[in-house]
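Structure first, commentary second.
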Amino acid sequence: MFNTHMDHVDEGDPERWPYPPYLGVVHNDEIWGRGTCDLKGSLACQTYTGALLKRAGQLLPNDVYVVGVVQEEVGGLGSAHLAGRLRTDYAIIGEPSHNTLALGHRGRFEVHVTITGKSVHASIPQLGINPLYSMAAFLLGLRDLTFEPDPQHPDLGPTTIAPSLFSSDQSSPNVVPGECRLILDIRNTPADTRPVVLERVRQLLARSLLDGAIGNAEIPTTTLTSYTGATLTGDIASDPFGIAPDNPLAQAAVSILRSTLRREVLTQLWRFATDAGHLTARGIEVIGFGPGHEEVIHTVEERIPIDQMVEALVGNAALALAL
Ligand SMILES: [Zn+2]
């Protein structure tokens, strides 16, 4: 299965772009615009793989599916739905790897933390329970909450937790808040499953509560609805994935690409999360191979080198023939 996604992130303020985000301007042999690198360029390469092979008169030894999925950027409804219905031996995720072979990434999920106290007029704080003090203790503890690298996948680096968004239930500066909320962005290794990390966060939260405050930490339930009306509800998250460089699929892919592209083909790990976890959860072995540089995705500098697209098209065709 060749797998790319059709959705993309918002373009933001068009004025901040060097070229209009949806004009497809070609400059210095690169196509500029939102979605070029993430992931329409790779989608085009995967789509034309079949056409290239047909034109070359090559018969495929196995069934090959080219899928363009929806809602990858918001949790992967498309791939999650697909993986329950279409089972292939292998999948090639076309996210940008500048045509190296990507063998894994950490997962991503959120934990929402709420601390509840007792709101009072700010002139008599001693009569309330200010949840901000407990949140402060929790935040300081979070800075020291560390995880060991996954022994099976040490190159992924350890699980990390980054507090990102904070809010309280008040908009007036002269009121002790009754509740404050914090969102944690968590990047996890395969060893640190979501329940494992959530339990660590909950233990820290329990230790951080002061003055009778009450704390709650949970992975939020989200519902995604596609344009067809299909829905997915749950703790929608990107699972980690990782295969060892000596895995037979990885070794075969490296040797196929090396002989076809006539150059060294390095392996790497992606820093960002993809739909891979939805596929590996169903027993599909995943590797990553796609044109473009990950540094430019989701930015106003998004662009894709045309020569990498040509090379990716050839590499895809070789993988389709030889895997
Ligand atoms: Zn993407």
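The values are calculated or read from the model by the stated rules, or taken from the named source; none is laboratory data. In this text the structure is predicted, and so the values were computed from the model without any measurement. Heads up, the Cβs are rebuilt from the backbone with ideal geometry, glycines too, and the neighbour counts pull from every protein chain shown. What goes into the accessible areas is simple: the full protein's heavy atoms, side chains included, and nothing from ligands, DNA or RNA. Shrake-Rupley method; radii C 1.70, N 1.55, O 1.52, S 1.80 Å.
Whenever you get a sec, compute what percent of the accessible area on the chain sits on carbon and sulfur atoms (1.4 Å probe).
53 percent
Given a Förster distance of 51 Å, report the FRET efficiency between Q126 and T233 from their Cβ-Cβ distance, rounded to the nearest 0.05. Show your work: numbers first, answer last.
On the way: r = 44 Å, r/R0 = 0.86.
The computed FRET efficiency comes out at 0.70.
Contact order normalised by length for the chain, with contacts defined as Cα pairs under 8 Å and 6 or more residues apart; what percent is it? Don't skip to the answer; put the middle values down first.
On the way: 690 pairs, mean separation 100.6, N = 323.
Relative contact order of the chain: 31 percent.
Which semi-axis lengths, in whole Å and largest first, follow from the square roots of five times the eigenvalues of the Cα gyration tensor of the range 97-155?
43, 13, 9
Based on the mean of other Cβ atoms within 10 Å per residue, sort peptides 11-23, 199-211 so the most packed one is first. Could you put the intermediate results ahead of the total?
Numbers: 11-23: 13.5, 199-211: 16.4.
Highest to lowest by the protection proxy: 199-211, 11-23.
Can you give the direction-averaged projected area of the convex hull of the alpha-carbon atoms in the range 1-153, in nm²?
That works out to 16.8 nm².
Once the Cα atoms of the chain are picked out, what are the Rg and Dmax in Å?
23.0, 82
Over the range 164-270, calculate the relative contact order: mean separation of alpha carbon pairs under 8 Å at least 6 apart, over the residue count, as a percent. Walk me through the numbers before you get to the answer.
Numbers: 73 pairs, mean separation 16.0, N = 107.
Reported as a whole number, the value is 15 percent.
What does the extension gain come out to for K54 and T299, with contour length at 0.36 nm per residue minus their alpha carbon separation?
84.6 nm
Just going by the charge dipole of the chain, with Lys and Arg at +1 and Asp and Glu at -1 on Cβ, which of Y19, H121, L257 is farthest out on the positive end?
Of the listed residues, the answer is L257.
Given points 7 Å out from each Cα along the Cα-Cβ axis, report the D29 to E15 separation in nanometres with one decimal.
3.6 nm
Send over a whole-number figure in Å² for the accessible area per residue of the chain, probe 1.4 Å.
Value for the chain: 49 Å² per residue.
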